[in-house]
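Right, one structure below, let's go through it.
The values are calculated or read from the model by the stated rules, or taken from the named source; none is laboratory data. Keep in mind it's a predicted model, so treat the numbers as computed, not measured. When we count neighbours, we look across all protein chains shown, and the Cβ atoms used for this are built from the backbone with ideal geometry, even at glycine.
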Amino acid sequence: MGIDTKHGTLTVERHRGDRVLHVHTEGNGRAFLKVDDFAAPGNSFFGRVRLRVAAFPTAPDWAHYTLVEATGQGAEIVRPLGGQYVPTLDRALWGVGADGGPTGDWTNWRESAPSVAGRWQCVEWRADATDNRIDVWIDGAHQPDLTVTTTEHGGNPVDFVFPASTP
């Protein structure tokens, strides 16, 4: 496990007997809690976070935000949980995305999934390597508009493939 920060901080506080991770960034910064040597069985996994975001980015236009990222062997960086500020709609929207691989830099945002600041939410995702599918649930409701697969995604017209787990 490691920490990677630039213009950001990670702090852990006790809250009602539990621990809460506070992530803060400024000026296009980052604050990552990195889990090394995670090898999911069959390169597929579920994840869940309970989060409250004070504010989503509103600048620059088309700003991405990443809450969960998956990397491994290969160039593709997968963002199963993130989104983008869409200036033509003047709002931030949830979206699955990728970076660095043959599919390019993309976020498959949807108007049906607005990012809501200032309230607690439970956000879950499933990464299924059998068809490179990512599904997202927000507060227990499946968000099928956000689903991406090998051939249905927001990138270049090539297959979207998860990076292989690092052994």
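Please verify whether residue 74 is within 11 Å of the chain's Cα centre (by Cα) and modelled with pLDDT under 95, treating the condition exactly as stated. I'd like the intermediate steps shown before the answer.
Details: within 11 Å of the chain's Cα centre (by Cα): no; modelled with pLDDT under 95: yes.
No, not satisfied.
List every residue pair whose Cβ atoms lie under 6 Å apart, where the two residues are 6 or more positions apart in sequence or sit on different chains, the first residue falls within the stretch 132-151 and is more than 17 Å from residue 68 (Cα to Cα), and the second residue, located anywhere, is charged (D, E, K, R).
145/110; 149/131; 149/133; 150/131; 150/159
Can you tell me which residue within the stretch 116-153, out of those that are among the aromatic types (Phe, Trp, Tyr) and assigned to a strand (DSSP E or B), is surrounded by the most Cβ atoms within 10 Å (Cβ to Cβ)? Please lay out each step first, then the result.
The initial filter retains those residues of the stretch 116-153 that are among the aromatic types (Phe, Trp, Tyr), namely 120, 125, 137.
When the remaining residues are screened for being assigned to a strand (DSSP E or B), the result is 125, 137.
Values: 125: 22, 137: 16.
Ranking the qualifying residues of the stretch 116-153, first place goes to 125.
Please go through the stretch 97-151 and pick out each residue that is under 14 Å from the mean Cα position of the chain (by Cα) and among the acidic types (Asp, Glu).
Residues satisfying the conditions are 99, 105, 124, 135.
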